[in-house]
Amino acid sequence: MNTKITTIEKDQPEEVEIRCHSISDEVREIVAFVKSRQGQLTGTADDRFYEIAVSEIFYIESVDNKAFIYTEKKVYETKQKLYELEDILREKHFLRISKSMLLNLMKVGAIKPSLNSRFIAVLYSGEQVVISRKYVPDLKKALKGEN
């Protein structure tokens, strides 16, 4: 597959065009990756509002009915509920891994087995999060590209 990049003027909208003979798994994977890099969520930290790029989010956790967005260097609170965020981020490589957490699969460096049929996701930040056994089948499907 050939690739071509064309720079454009700042006043023109950016776009990605894929020209293919058929829509293969490889093309679907490229489209999913591009979609996963788009979008922003709003969060608060230090009494200020921030726009957080979805591609910068490692995971989102719900604690005491509040949702927190974790990036590599900062934690933000969001007013949205975890189930709302799950719907918004479903096409962006986010997966529910427990009752209280959504994980950005694009930020996972490794996955290793743990006790009681659980798994541990090792993130690029070095942090480790537990994948509950109830969500392991969904994880396996997502890793196989079946989601």
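Could you list, bin by bin from short to long, the percent of Cα-Cα pairs of the chain in 10 Å steps?
10, 36, 32, 18, 5, 0
If the reach is capped at under 18 angstrom between alpha carbons, list the lysines near Lys74, excluding any in the same chain fewer than eight residues apart.
Partners found: Lys66, Lys107.
Counting each pair of different Cα atoms once, what's the Kirkwood radius of region 1-75 in Å, rounded to one decimal?
15.6
Which whole-number percent gives the relative contact order of the chain, counting Cα pairs below 8 Å spaced six or more residues apart?
13 percent.
Only four residue types carry charge here, +1 at the Cβ of Lys and Arg and -1 at the Cβ of Asp and Glu. Report the dipole size of the chain about the Cα centre in Debye, rounded to the nearest 20.
Taking the Cα centre of the chain as origin, the dipole is about 740 debye.
Restricting to DSSP H runs of at least four residues, report the calculated mean residue ellipticity at 222 nm for the chain, -39500 (n - 2.57) per run over all residues, nearest 500 deg cm²/dmol.
For the chain, the value works out to -5500 deg cm²/dmol.
For Lys10, give me every one of the lysines with a C-alpha distance below 24 angstrom, ignoring sequence neighbours fewer than eight places off in its own chain.
Counting by Cα, and skipping residues close in sequence, Lys10 has these lysines nearby: Lys35.
Test of the criteria: in region 56-147, which trypsin sites (Lys or Arg not before Pro) are in a DSSP loop and have at most 11 other Cβ atoms within 10 angstrom of their Cβ?
Lys73, Lys79, Lys99, Lys144
Report the one residue of Leu89, Val63, Leu143 whose Cα lies farthest in the direction of the positive end of the charge dipole of region 25-143 (charges on C-beta: Lys and Arg +1, Asp and Glu -1; origin at the Cα centre).
My answer, from the dipole projection, is Leu143.
Which of the GluC sites (Glu not before Pro) across region 1-88 are loop residues per DSSP, with 11 or fewer other Cβ within 10 Å?
Sites meeting the loop and neighbour criteria: Glu9, Glu14, Glu15, Glu17.
Just so you know, all these numbers are worked out from the coordinates, no wet-lab data involved. Just so we're clear, the structure is a prediction, and the values are computed from it rather than from any experiment. Backbone-built Cβ (ideal geometry, glycine too); neighbour counts: all protein chains shown.
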